[in-house]
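Each remark here refers to the structure printed beneath this line.
Read the figures in this text as sums done on the coordinates, not as results from a lab. All of these numbers come straight from a predicted model, not from anything done at the bench. Every residue, glycine among them, receives a Cβ derived from its backbone with ideal geometry; neighbour counts consider all protein chains shown.
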Amino acid sequence: MFGWLRERRRRAIRTRPFPAEWEEILRRNVRQAAWLDGRDAERLRAWVAVFLSEKRFEGCRGLEITDEVRVSIAGQAGIVMLGFEGELLDRLRSVLVYPGDYLAPKSAPLDGGGELEWREERLGETWAGGSMVLSWPRVVEGGRLRDGPRSVVIHECAHAFDMLDGEVDGVPPLRSPHDARRWASAVDDCQIRFEEALDEGRSVPFDEYAAESPGEFFAVASECFFQDPHRLFRFDQALYELLLEAWRQDPKSRVPTRPR
Ligand SMILES: [Zn+2]
């Protein structure tokens, strides 16, 4: 669609009243929404309405796509993207939702030739082709802050955002190539500190899955940045500030010190 045409369409959608049933779903399944100030609360609702009008939702393994599914996912994604004017993860076209964790086929070449094949349990994933896959019960747990700082929606949005400037390398789009280099090197130091803390058995604010790769470090640390920002700030202030620069918002200013 032409940019101006799309913008005109989006403007029209943003001004429509936000349905009361959607409001109720946000209240129930997007705990974070309650902490936004008036202007951001309004922007979130406009973002959700446009997202729902543009993205295709598909239920997998018999899951029915209801407004509850759509609004719960869009609401959590919208909070993450609030720092950007008009950014709607344009490359993302469809959201696939499973009724639980799902198995994805995996394979790896064997030394002696041939392939080793197995199935790996997943709670979500993001494909460069423009799809996001989510496990519905995990969406609910994250939105209700019932799984510590974990949130599959934030995690996959972080990958989708990271991908906007090319591959998933743990460095999201920043204001300039110079910023990106500085940011990448600083976040690398944070990952080293995190891994040291793990090695020493110290308590860490987010899941050790973050140590898997720079891409996972960005995604898992971002979950904590939004879900439990005070704890992340206490653990590594530099990391908090790098994420603030990347996401262009400061969740610490709104999320209560004990979010649960
Ligand atoms: Zn991931």
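Annotations
- All told, Val140 meets the bar of being touching a residue at least 24 places away in the same chain (Cβ under 8 Å), in contact with a Ser or Thr (Cβ under 8 Å, 6 or more places away or on another chain) and away from the ligand (no atom under 14 Å from the Cβ).
- Residue list for region 162-210, filter: within 12 Å of the ligand (Cβ to nearest atom), within 19 Å of Arg150 (Cα to Cα) and of a type in the set (A, V, I, L, M, F, W, C): Ala210
- If you go through region 96-129 and keep only what is within 16 Å of the ligand (Cβ to nearest atom), under 27 Å from Arg6 (Cα atoms) and not in a loop (DSSP other than H, G, I, E, B), you end up with Leu96, Thr126, Trp127.
- Among the residues examined, Gly75 qualifies as closer than 28 Å to Asp147 by Cβ, assigned to a helix (DSSP H, G or I) and in contact (Cβ under 8 Å) with a residue 12 or more places away in the chain.
- Test result for Val133, in a helix (DSSP H, G or I) and crowded, with 21+ Cβ neighbours inside 10 Å: no
- Screening region 170-223 for residues that are of a type in the set (S, T, N, Q) and under 22 Å from Val80 (Cα atoms) and picking the one that is surrounded by the fewest Cβ atoms within 10 Å (Cβ to Cβ) gives Ser176.
- Among (1) exposed (fewer than 11 other Cβ atoms within 10 Å of the Cβ); (2) touching a Ser or Thr at 6+ places or on another chain (Cβ under 9 Å); (3) closer than 24 Å to Asp250 by Cβ - the single one Glu85 does not satisfy: (2)
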